[in-house]
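Below you'll find the structure, written out as structure tokens, and then a few comments.
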Amino acid sequence: MRAALNGWLRRLPVWALWLGGLVPLALLVWDTLTGGLGIDPIRDIEHRLGRTALYFLVASLAVTPALRILGISFMRFRRALGLLCFTYAGLHVLSWMLMDMALLWGAMARDVVKRPYLVFGMAAFVMLLALAITSNNWSVRRMGAQAWRRLHRLAYLAAPLVTLHWIWALKTFPLEPVLWLSAILLLLASRIAVPRPIRWGAPAAAK
Amino acid sequence: LTGKPSPYSTDQTPNTLEEITNYNNFYEFGMDKTDPARRAGALDTDPWSVEIGGMVDRPGSYAVDDLAPANALEERIYRLRCVEAWSMVIPWIGVPLAGVLDRAGVQPGAKFVAFETLHRPEQMPGQNRPILDWPYKEGLRLDEAMHPLTILATGLYGEALPNQNGAPIRLVVPWKYGFKSIKSIVRITLTDRQPVSTWQAMQPREYGFYANVNPQVDHPRWSQATERRIGAGLFGGREETLMFNGYGDQVARLYAGMDLAKDY
């Protein structure tokens, strides 16, 4: 079954993931244009973009554990998952700047250095930006695989920051981002606990 | 319900009934802004009584109609500023709290008024989780409670108060952050000690007893300098938050000589 799944994943084109990954954005645009958002549409736009960015970030972090532990390879899609995450994160920040803060530059600058939830969020965004800029073969060649991999471990720092950004923005202690934080820490722990692929007996599963 | 027009009303355009009744912080029904509209229908507000006690001459159980009889109702169109930095304009219908307290007979030693919301987890599902220390409590200094701007509201837009807005009777203190305006009140207690409000007890560094709208004193985690008016559209921008939510002319004297950065 593992072999069948891997075979199917090998045939699935990466653009199909992009297509699927942009569905949440299309739905959001649709809801915005048809009045399907709530009483405060700005808040809903910000939140939906932010959440979707986190989902793709966690998905990209799950690629290596999925390969090592389950023997299922999503490797071909990892770059697209990361770039989709960055797409949503970028739109999330843009919606905050344009709609929530209405381009009050002074207020934004003061808040970004002073408010913990914005410090966490913006720090994570800068890291994701660095990862997105270097998400191409040319950068891997130029930096060297070793240095490139080191840089891209930043994803493991950005992800918990994103959940802290979510937790700190709310008045009471919320359950959902705490669950996501636990999932991220579990994925990180699995990378350390399972440093190389588990050999799954049947040779067909090796690839 | 009809209320006499009041000189205390703002001439700003009120938010729509849809906005006012579908964007609520009422954690007794859940933490999402849409939870109260979805879940508050199950709350049974009839019969209802408010226990007025403590340092009063005529303690007892009062019906909502006794506290806010039809012939005493006024319409008060007030700005509402939430501590989360958004705002609305709401056409409340209600009576001044001062009249209610006068009828109960406030004793000379009383200095504060404590309020309490209904605790009924079977109809208020949010109370099944320890989000806050239930029941919700709030308090005012006696002079704040007696101020003519302070009302007990029983209606909205000419109708009885919808459950998600704090039916059947709630406090409205327009110069303070919205959480001070406690909903679905069952207990009013006159006391000589400063009561501790629910948010203050949970996070004293972030929420003080006074909670006056104040653009100069930020919430530790976000700025209070500006606010976003609900209903302003996707590119409606932000407005400057006004000291005491724009009611400074009427209430600033209550706080003369106080350091509002300390007594936030």
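The values are calculated or read from the model by the stated rules, or taken from the named source; none is laboratory data. Bear in mind the structure is a predicted one, so any value in this text is a computation, not a measurement. FYI the Cβ positions are ideal-geometry reconstructions off the backbone, even for glycines, and counts take in every protein chain you see. Side chains included, ligands, DNA and RNA excluded: accessible areas come from the protein's heavy atoms. Shrake-Rupley method; radii C 1.70, N 1.55, O 1.52, S 1.80 Å.
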So with the 1.4 Å probe, I'd like the accessible area per residue for the stretch B:1-145, rounded to whole Å².
43 Å²
Work from the charge dipole of the stretch A:2-198 (Cβ charges, +1 for Lys and Arg, -1 for Asp and Glu, about the Cα centre) and give the residue of A:ALA124, A:THR52, A:GLY7 farthest towards its positive end.
A:GLY7
Non-local amide H neighbours of B:GLY139 (under 5 Å, H modeled in plane, Pro and chain starts lacking H): which ones?
B:PHE115
Among A:83-96, B:193-206, how do they line up from the highest to the lowest mean number of other beta-carbon atoms within 10 Å?
A:83-96, B:193-206
Under Karplus coefficients 6.51, -1.76 and 1.60, residue-wise ³J(HN,Hα) of the stretch B:8-15 in Hz, glycine/proline x
7, 6, 7, 8, 5, 6, x, 5
Run the numbers on chain B and let me know its relative contact order in percent, using alpha-carbon pairs under 8 Å that are six or more apart.
21 percent
B:LYS111 paired with B:LYS4, simple spin-label distance in nm, labels 7 Å along Cα-to-beta-carbon:
3.5 nm
Mean other chain Cβ within 10 Å across B:234-241 is 4
Under the Karplus relation with 6.51, -1.76 and 1.60 and θ = phi - 60°, whole-Hz ³J(HN,Hα) for the stretch A:108-120, x at Gly and Pro, equal 4, 4, 4, 5, 5, 8, 9, 8, x, 5, 7, 4, 4
Please state the charge dipole magnitude for chain B, taken about the Cα centre, from unit charges on C-beta atoms (+1 on K and R, -1 on D and E), reported in debye and rounded to the nearest 20.
400 debye
Using the Cα gyration tensor of the protein assembly as shown, with a ≥ b ≥ c the square roots of its eigenvalues, what is the shape: rounded (a/c below 1.5), prolate (a/b larger than b/c) or oblate (neither)?
prolate
Residues with amide H under 5 Å from that of B:SER181, placed H, sequence gap 5 or more:
B:VAL173
Dipole of chain B (Lys/Arg Cβ +1, Asp/Glu Cβ -1, origin at the Cα centre): which of B:ILE188, B:ALA85, B:GLY53 lies farthest to the positive side?
B:ALA85
Mean separation of Cα contacts under 8 Å (at least 6 apart) over the residue count of chain A, i.e. the relative contact order in percent, is 25 percent
Average other protein chain Cβ within 10 Å of Cβ, residues A:42-49
2
Estimated FRET transfer efficiency (B:ASP44, B:ALA72; beta-carbon r; R0 22 Å; 0.05):
0.30
Modelled label reach - B:ASP32, point 7 Å along Cα→Cβ, the stretch A:52-66 residues with backbone N closer than 16 Å:
A:52
R0 = 30 Å: FRET efficiency of B:ARG193 with A:VAL112, Cβ-based, nearest 0.05?
0.10
Placed amide H near B:GLY54: partners under 5 Å, 5+ positions off or other chain:
B:LEU190
What FRET efficiency comes out for A:LEU12 versus A:TRP200 if R0 is 25 angstrom and r is the Cβ-Cβ distance? Round to the nearest 0.05.
0.75
Log entry, pair A-B: total buried accessible area, probe 1.4 Å, protein chains only, in Å² rounded to 100, is 2200 Å²
Average beta-carbon neighbours from other chains, 10 Å sphere, peptide A:165-175:
4
How far is it, in nm, from the label point at A:PHE173 to the one at B:GLU18 when both lie 7 Å from their Cα along the line to the Cβ?
3.9 nm
Would you kindly derive the ³J(HN,Hα) couplings of the stretch A:137-143 from the backbone phi angles with the Karplus curve 6.51 cos²θ - 1.76 cosθ + 1.60 (θ = phi - 60°), listing them in order in whole Hz, with x for Gly and Pro?
4, 4, 5, 4, 5, 5, 7
What number, in percent, do you get for the relative contact order of the stretch B:35-159 if the mean sequence gap of Cα pairs under 8 Å and at least 6 apart is divided by its residue count?
27 percent
Can you give the helix-only mean residue ellipticity at 222 nm for chain B, where every DSSP H stretch with n ≥ 4 adds -39500 (n - 2.57) and the sum goes over all residues, rounded to the nearest 500 deg cm²/dmol?
-2500 deg cm²/dmol
